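Contents: one structure, followed by commentary.
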Amino acid sequence: MSPAGRPGLAGPPGRHAPAPANRPVPRDAPRDALRRALRWYLLWNSVAFVGVVVAVLVISWVVARNEALRDAEITARAVARTIVSPLANDEFRAENPQALARMAQVLEDRARDGSIRHVKVWADAGDGRGRILYSDLKPLVGQTYELEEEEYAVFGTNNTVSSISDLSKAENRLERQEGQLIEVYTGTKDANGAPILFETYVPTGGVRTEMVNLIKVILPLPIAALIALTLATLPLAVSLARRVDRGQQQMQRLMVNAVESSDLERRRIAQDLHDGVVQDLAGIGYALDSEARRLPEGGGMRERLEQTADILRRDLSTVRTLMTDIYPPDLATKGLAEVVRELAVDQDLTAGAVRVEVAEPLTPHPMVDRLTYRAVREALVNAQKHARACTILIRIGQIDGVMSFEVTDDGVGFDPSAQSPEGHLGMRLITEMVHNAGGVVTVESAVGVGTSVRGELPL
């Protein structure tokens, strides 16, 4: 006796179905763990190289800058104390041409080696301002400008402040075309002991030269160390990557065998139900009908036998439905798209309540197709049993070597942060299987707005 099933579904195969072979992972399975690991290894080594180079450049710039500022300060202090202070007398303050000429002559001689580009000598004009007593740029002589707080604080001290100036201040309007200069303010006193401020501008070419020299000295050592470390650890990285690759292949084989074993067990259960319980129930039902017909009509015994026969027929129908549900679909012959469409039609919902959208063509992949079918089926059953949904949408597609699926319903929804509702164990098991296969399943839901189950599996 053949089991009554749903349209389009064949009965279970013979009892002696072949056991799942411990077949190797298909050649098109993801086995690029070695290449991927080596790419990441080389990428991070490249990042390390770039990081070392950038760090050396920054350190060299800071060291060279500080060294240039220190040298400029030493030069400015020496010139201020040995040249400017003795020549800054009353005649110089009174802007006597001869006194200014003597100052200019001495400073020009000092600047011939290129170590000083411009000079200014300031007098304190009060309120944070200074008046230029002397400058090699003659239009500035006699002008008064506001000084920065730290610059003005140098008046009356022996201190020095320096920085790489952007020459944006009003006092620098005649030096802007020269680009960046090292600006040094040195406090000193004139020949009469009155406080004055000596300012020098030094070219930044020395900073670049010093930076290049430092880079030549510092950079080769860490680069050589990184190269040696990379060459020394490369065999270890290759070995670890190969282990990961072998582990991934082994996990893939275990997953394939687990899925195939599950399908085989489903076939065996269906076969046992078909050859055992179904046949027995059918036989008992025929026997009860036969015995009931022998009894006189209207008798209590005949009525009870007929009621018992009706119960057996209902149970037999339930068992046949269960057989159809647990029997694995013929994915190899029909393909995932057709099987999912049949699954949507088979649900006990209003016609058209389940809509299927498949981005065809789909490249066959036995294990991925089975996991996708199981995940879609479980999500569909949950939507039917628990969500009380009116419409359900199933989407399946492949893109960039990934199988994606989605089951969305307009049911009652639930709070994902709360404990999983009872009866959802199947979905948790499917989620774990998908995760073990390298995929991911996400569930989005909220009370009153439905549920969406999305998943991705690498092909």
Condition check: surrounded by fewer than 18 Cβ atoms within 10 Å (Cβ to Cβ) and farther than 27 Å from Ala64 by Cβ. Does Thr144 satisfy that? yes
Long-range neighbours under 8 Å by Cβ, at least six apart or interchain, first residue free of Cβ contacts under 8 Å to residues at least 40 places away in the same chain within the range 285-308, second surrounded by 15 or more Cβ atoms within 10 Å (Cβ to Cβ) and not in a helix (DSSP H, G or I): Met301/Leu295; Arg302/Leu295; Leu305/Leu295
Within the range 88-104, residues closer than 24 Å to Ile182 by Cβ and either surrounded by fewer than 19 Cβ atoms within 10 Å (Cβ to Cβ) or in contact with a Ser or Thr (Cβ under 8 Å, 6 or more places away or on another chain) (or both) come out as Ala104
Count, please, the residues in the range 88-116 that happen to be in contact (Cβ under 8 Å) with a residue 40 or more places away in the chain, out of contact with any strand residue (DSSP E or B) (no Cβ under 9 Å at 6 or more places or on another chain) and of a type outside the set (S, T, N, Q). 1
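This table checks each residue for (1) within 43 Å of the chain's Cα centre (by Cα); (2) surrounded by 14 or more Cβ atoms within 10 Å (Cβ to Cβ); (3) modelled with pLDDT of 85 or more; (4) not assigned by TED's automatic domain parsing to the domain that holds Gln180.
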site	(1), (2), (3), (4)
Trp40	yes, no, no, yes
Leu43	yes, no, yes, yes
Arg65	yes, yes, no, no
Arg70	no, no, yes, no
Ile74	no, no, yes, no
Ala80	no, yes, yes, no
Pro86	no, no, yes, no
Looking at (1) aliphatic (A, V, I, L, M); (2) without any contact (Cβ under 8 Å) to a residue 24 or more places away in the chain; (3) touching a Phe, Trp or Tyr at 6+ places or on another chain (Cβ under 8 Å), find the lone condition where Ala125 falls short. (3)
Do any strands (runs of 3 or more DSSP E) lying entirely in the range 342-415 carry at least 2 residues that are at pLDDT below 80, buried (at least 17 other Cβ atoms within 10 Å of the Cβ) and over 28 Å from the mean Cα position of the chain (by Cα), and which ones are they? none
Given the condition at negative phi, part of a helix (DSSP H, G or I), at pLDDT 80 or above and not charged (D, E, K, R), answer yes or no: does some residue in the range 432-455 qualify? yes
Restricting attention to strands (runs of 3 or more DSSP E) lying wholly within the range 139-245, give those where 1 or more residues are under 22 Å from Arg77 (Cβ atoms) and modelled with pLDDT of 90 or more. 160-165, 181-189, 195-203
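The values are calculated or read from the model by the stated rules, or taken from the named source; none is laboratory data. Owing to the predicted nature of the structure, the values given are computational and were not obtained by experimental measurement. Positions of Cβ are generated from backbone atoms using ideal geometry, with glycine treated the same way; all protein chains shown enter the neighbour counts.
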